[in-house]
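> Got a structure here, written out as structure tokens. Questions coming.
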Amino acid sequence: MFPASFRRLGFMVAAHLALLAPVAAHAQEAADAGSASVPPRGVAPVDAGAPPPTTNDVPPPALPPAGTPAAPASATVAATAAPAPEPPPLPPLPNHQSMGFLSRFLDGYTTDYAYVPRHPVPTRRSMPDALDAPPFPASHWSLNGTPDIGVPDAAIYPLMGAIYGSGKVGEAIEDTRIKLYGWSDETLNASTSTSYRGNYPAAYQLNPNTLTLQQVLARLERIPDTVQTDHVDWGFRVDALYGVDYRYTEMNGIFANQLRNNNLYGYDLNEFYLDLYVPWVADGLDIRVGRYISIPDIEANLTVDQPFSSHSLTYTYDPFSQMGIEFSLKIDKNWWAQLGLVAGDDVAVWGNNATPTLNGCIRWESTDQRDSWYPCINSLSTQSYKPETAGPTPASSPLPFPSNNLNALSVTWGHRFTREWTMQTESWFMWIPNAPEFENGGPTGRLIPYNWEWTLLNFQFYQFAPLDFLGWRNELFDDRFGQRTGFSGRIYETTVSWNHWFANKNIGIRPEIRVDQDLDGETPFDSGTKKSQVMGQLDLVTRF
């Protein structure tokens, strides 16, 4: 079963090496050319056509005025030995607009030749970063549904660097602050499960012992300028995703037939929204309208915005996204408040099971950035269970159960013990009135008046290098009546992972080993035949 998977891995690695090889060659060419014609940044250029200086070019020393006594010999020696003051450093060389688009794109994967913004980055008016990103997914503690008010948008990935450096047109695009970028994520996993889609309910690596394209995502966005406080500003985001991961992001009402047809690969517009930033309300107010990733969770983002390659059960089986309107108010440097009205969980406003649903959060972080608390009402509805279709079932489509009409309460706590050692913990409790019960992958025929589930999740991180951390995830997931996975009872999961980033922070690898164990007599793994599962995997993330 492994040779074909590893042959595919070889093809994938070869393809990435083919992409990266020109980076090294291009950097060497630039270095060689720099020694002959282009000086390093901060060194004044030399006219290659000018003749070398001669003694005749050096003016003779000026004579002292008449009557000036001669200086002692020791003073003359000291003056001669004193070093000349160093000239002030020159500004960085301009971006090489004469280079081809591919060369500028590959420059983005180097630290020496990546695009330099034409305008200085505004000074932030928020507290300093809590975390280093990368290797962490974000530089702030958990916060979703809003831009981080007071923090400038300074990220430039290789594609936009190549566009910005293309002359007057690129400069005009840079001035709009509109960006197009994205990433790809491929994963190779080896599992003790062997059946088709046998890794379920672990996520997102559905098929065991395969090389999988998890997702390719393209993002078009403009982040509002929330550093300034003198005018209203606007922003937007549109994400287009293709890969296996669509199965876990799909919303009822948006390309939903792919999941009902049980397609392995598919596409999704997993986020599309408008932002309006109003600076005059407290420390800043953001109003978001559209489809956006739900507000709580440590992992509530896409593959480049999560700490491990695999997802916890906690994140997999709570709401992924919501559609509606979200108000996020930054009260002061320590406090946030959020309130939203949405159509339900993973349901479009035009979906046949849309239900008016409230959400809201309070967020606090300490001034020294050592602690953050984020309690949330992820969703609160008065409606009973309302299925979106007659199916699907666990046998036909993992992640089968509609996320609509959930009631969900959650809390997230982040704490830094030392500069290297960080912890994040999350717990949620969810319920649906009058929802069906499931056991061993199928319905029992009973409706549970108060169908509930809960979870406790903890991450421990040790950052041992600027772009590396070791992580340990532990969770207890209790799907009491099987409504989320199809298998009732508790599952314990533990995962150890290493995160490493390179190529100017644009390429990452995340090997991990994961163990899942059922605690209550069900057999959720390997198509309902095993109580436990061990899975090792490695993913490769490439930003562009």
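> Multiply the residue gap between T194 and E439 by 0.36 nm, knock off their C-alpha separation, and tell me the result in nm, one decimal place. Before the final figure, lay out the partial values.
Numbers: separation 245, 0.36 × 245 = 88.20 nm, distance 2.19 nm.
Full extension from T194 to E439 adds 86.0 nm.
> Something else now. Pop the C-beta distance of D112 and A218 into the FRET formula with R0 = 35 Å and round what comes out to the nearest 0.05. Mind showing how you got there, number by number?
On the way: r = 27 Å, r/R0 = 0.78.
Efficiency for this residue pair is about 0.80.
> If you take the beta carbon distance between A172 and F101 as r and set R0 to 22 Å, what does 1/(1 + (r/R0)^6) give as a FRET efficiency, to the nearest 0.05?
Calculated value: 0.85.
> Report the gain in length on full extension from V411 to Y265: 0.36 nm times residue separation, minus Cα-Cα distance, nm rounded to one decimal.
Gain on extension, V411 to Y265, equals 49.3 nm.
> Hey, another quick one. Which log10 I(q)/I(0) values, to two decimals, does the range 178-543 give at q = 0.06, 0.07, 0.08, 0.15 Å⁻¹ under the Debye formula with one point per Cα?
-0.21, -0.29, -0.38, -1.52
> Then there's this: Which order, highest average first, do 315-326, 171-182 follow once you tally other Cβ atoms within 10 Å for each residue and take the mean per peptide?
Values: 315-326: 23.4, 171-182: 15.5.
Output ranking for 315-326, 171-182: 315-326, 171-182.
> Residue farthest toward the positive end of the dipole of the range 178-543, with Cβ of Lys/Arg at +1 and Asp/Glu at -1: which of N458, M323, G482?
G482
> OK, next. Count charges around S195 for me, please; just the other residues with Cβ under 13 Å from its Cβ, Lys/Arg as +1, Asp/Glu as -1.
+1
> Which stretch or stretches of the range 318-333 have amide N atoms under 11 Å from the point lying 7 Å from N474's Cα along the Cα→Cβ direction?
Residues passing the 11 Å test: none.
> Could you compute the FRET efficiency for V232 and N257, with r as their C-beta to C-beta distance and R0 at 35 Å, rounded to 0.05?
Efficiency at R0 = 35 Å is approximately 0.30.
> So what's the gap between the Cα centers of the range 193-261 and the range 448-466, to the nearest angstrom?
20
> Once the piece of chain linking H500 and W452 is laid out straight, how much longer is it, given 0.36 nm per residue of separation minus the C-alpha distance between them?
Numbers: separation 48, 0.36 × 48 = 17.28 nm, distance 3.79 nm.
Value of the extension gain: 13.5 nm.
> Around A240, with a cut-off of 15 angstrom between Cβ atoms, what is the net charge of the other residues, counting Lys and Arg +1 and Asp and Glu -1?
Spelling it out: positives minus negatives among the neighbours equals -3.
None of the figures in this text is laboratory data; all of them are computed from the coordinates on show. Remember, predicted model here, so these are calculated numbers, not experimental data. All Cβ positions, even for glycine, are placed from backbone atoms using ideal geometry, and neighbour counts span all protein chains on display.
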